Amino acid sequence: MKILQICYNEFKEIFSDIGIVIFVIILPLAYPLLYAYVYDNEVVREVPVVVVDDSQTKVSREFLRRCDASPDIKIISHATGMENARTYLESMDAYGIIRIPREFSDDIAQGRQTVVGIYCDMASMMYYKNLMITVAVVAQDMNKEIKVSKLGSSTDREAEISAAPVTYESIAMYNPQSGYSSFLIPAVLMLIIQQSLMLGIGMHMGGTREQNFGFAIPKGDLYRNPVYIYLGKMLAYFIIYIVDATYFFVVVNKIFTLPQMSTFGTYLAWMVPYLIACISYSILFSILVYRREDCIMLFVFLSLPLIFISGISWPISEIPQKWLYFSYLFPSSLGIHAYVRTNTMGASINDIAFYHWGLIIQAAIYTILSLIFYYWQLKKRKIEE
């Protein structure tokens with residue numbers, strides 16, 4: 001009963017503090033919608049580019065027509081020269097330049113190689129990717145047509161095979177629409193859980209310390225057992241966040257048609273230890289919080305590094321080994337990969353055994369450390385009394 005009473009008291013304190021309500025209730029509900037709506041277009045289309053056509057021939061115009069027909073770029077202007085074209089990039093009216101050399105048609109007619117210049121604003125790799133892929137595909141298609149026209153095979157199909165004996169078929173797996181939100185949102189959802197818990201529990205701990213002369217535990221007979229204190233607090237936040245986790249799985253995925261190949265049972269199998277690990281980690285993290293404002297500074301300090309070492313913004317295979325091991329201290333690093341592999345790739349709980357057991361071990365270690373912290377606080381208070 002004491003555990004339930006502590007849980008009830010925790011609920012009352014959470015819902016009576018607007019700052020904590022914002023972080024543990026409103027933020028987890030609103031942020032997924034904000035991120036998903038921002039990336040609702042999924043892929044970058046019709047990147048504006050300008051062209052400098054020094055050739056001004058039928059062949060160069062056909063090349064540019066095919067580029068403009070691609071959904072990935074959009075030719076907005078024909079510049080008179082490179083200086084004129086650069087003004088479009090400087091004013092950010094365009095993000096790339098396609099330059100057709102003067103000898104373009106003559107080189108093709110005489111069987112010489114010609115070079116199309118691609119100039120792109122590398123401040124965004126997505127613009128470069130769209131422009132590069134479009135020009136490469138158009139150039140490849142025209143190369144094949146030129147070779148076919150010069151071959152004397154008996155049929156068009158034989159000529160096509162002779163011109164391009166090896167071709168390829170691109171099959172997008174797990175994220176068939178190549179959507180940016182399908183790639184990013186799963187990681188964001190897991191970070192939202194961890195970081196909002198850090199803020200909520202940290203702010204609550206800071207308020208408790210301010211009211212109790214630096215102690216993280218309120219006075220009273222109810223707060224005498226570290227196990228009861230931990231379980232009561234854990235239960236309160238677990239109830240809130242299991243609702244959030246269900247909302248992520250049922251509502252957010254459905255609204256924005258994100259890939260969902262996991263069953264709810266598999267989702268809960270790793271989500272439960274993830275939530276316990278996040279709550280215990282946040283309780284332990286709050287040891288550093290002596291004022292409500294402290295958790296904000298620690299949150300800002302940790303947020304960006306956690307994104308960098310999570311394996312989302314940069315391939316996990318390219319992260320230095322020591323930083324990869326360091327990332328395993330944080331539940332989000334394991335939770336992100338568990339979510340992506342089960343929900344996006346359809347992995348079973350056995351397929352993600354490393355991440356699943358990693359979360360269980362984290363939950364156990366952070367629980368033990370949290371209990372030690374509460375025991376130390378109770379002992380310190382008893383000595384001072």
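Throughout, read-outs are computed from the coordinates displayed, never taken from laboratory work. Computed from a predicted model, the values in this text were never measured in an experiment. Using ideal geometry, Cβ is built from the backbone for each residue, glycine included, and neighbour counts are taken over all protein chains shown.
One table, with the values for the structure above:
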| quantity | calculated |
| --- | --- |
| Cleavage-rule hits, chymotrypsin sites (Phe, Trp or Tyr not before Pro), the range 201-291, DSSP coil, Cβ neighbours within 10 Å at most 13 | Phe213 |
| Computed E for Phe354/Thr263 - FRET, C-beta separation, R0 22 angstrom, nearest 0.05 | 0.65 |
| Amide H within-cut-off set for Ile319, under 5 Å, with H built and near neighbours excluded | none |
| Members of Lys322/Lys379; Lys233/Lys379; Lys233/Lys380 lying beyond 25 Å, as alpha-carbon distances in this model show | Lys322/Lys379 |
| Set of lysines near Lys74 by C-alpha distance (under 29 Å), chain-local residues within fewer than 8 positions excluded | Lys58, Lys129, Lys144, Lys147 |
| Only Lys, Arg (+1) and Asp, Glu (-1) charged, at Cβ; the chain dipole about Cα centre in debye | 1300 debye |
| Extension gain from Thr246 to Thr87, taking 0.36 nm per residue of separation minus the Cα-Cα distance | 52.2 nm |
| Value of [θ]222 nm, deg cm²/dmol, for the chain, DSSP H segments ≥ 4, -39500 (n - 2.57) each, nearest 500 | -19500 deg cm²/dmol |
| Rounded to 5, percent antiparallel among DSSP beta bridges of the chain | 30 percent |
| The chain: radius of gyration and largest Cα-Cα distance (Dmax), Å | 28.8, 101 |
| Gyration tensor verdict on the range 47-163 (Cα atoms; rounded if a/c is under 1.5, prolate if a/b is larger than b/c, oblate otherwise) | prolate |
| Exposure proxy ranking, count of Cβ atoms within 10 Å, fewest first, for Val138, Val49, Val44, Val300 | Val300, Val44, Val138, Val49 |
| In Hz, Karplus ³J(HN,Hα) per residue of the range 102-112 (6.51, -1.76, 1.60; θ = phi - 60°; x = Gly, Pro) | 4, 8, 3, 5, 5, 4, 5, 5, 9, x, 9 |
| Residue exposure sequence - Leu302, Leu258 - by fewest surrounding Cβ within 10 Å | Leu302, Leu258 |
| Interchain or long-range residues, amide H under 5 Å from Ile73's placed H | Glu46, Val47 |
| Residue-wise HN-Hα coupling along the range 270-275, computed from phi with Karplus coefficients 6.51, -1.76, 1.60 (Hz; x: Gly, Pro) | 9, 5, 4, x, 5, 5 |
| Sites Lys58 and Met122, calculated FRET efficiency, Cβ-Cβ separation with R0 41 Å, nearest 0.05 | 0.80 |
| Alpha carbon centroid spacing (whole Å) that separates the range 306-374 from the range 38-101 | 43 Å |
| Vicinal HN-Hα couplings computed from phi for the range 327-342 (Karplus, 6.51 cos²θ - 1.76 cosθ + 1.60; Hz; Gly/Pro x) | 5, 6, 6, 9, x, 4, 4, 7, x, 4, 6, 5, 5, 4, 6, 7 |
| Amide hydrogen neighbours beyond the local backbone of Phe330, cut-off 5 Å, H modeled | none |
| Simple spin-label estimate for Ser16 and Gln211 in nanometres, 7 Å along Cα-Cβ | 0.6 nm |
| Gain in span if fully extended, Ala364 to Lys382, counting 0.36 nm per residue against the direct Cα distance | 3.8 nm |
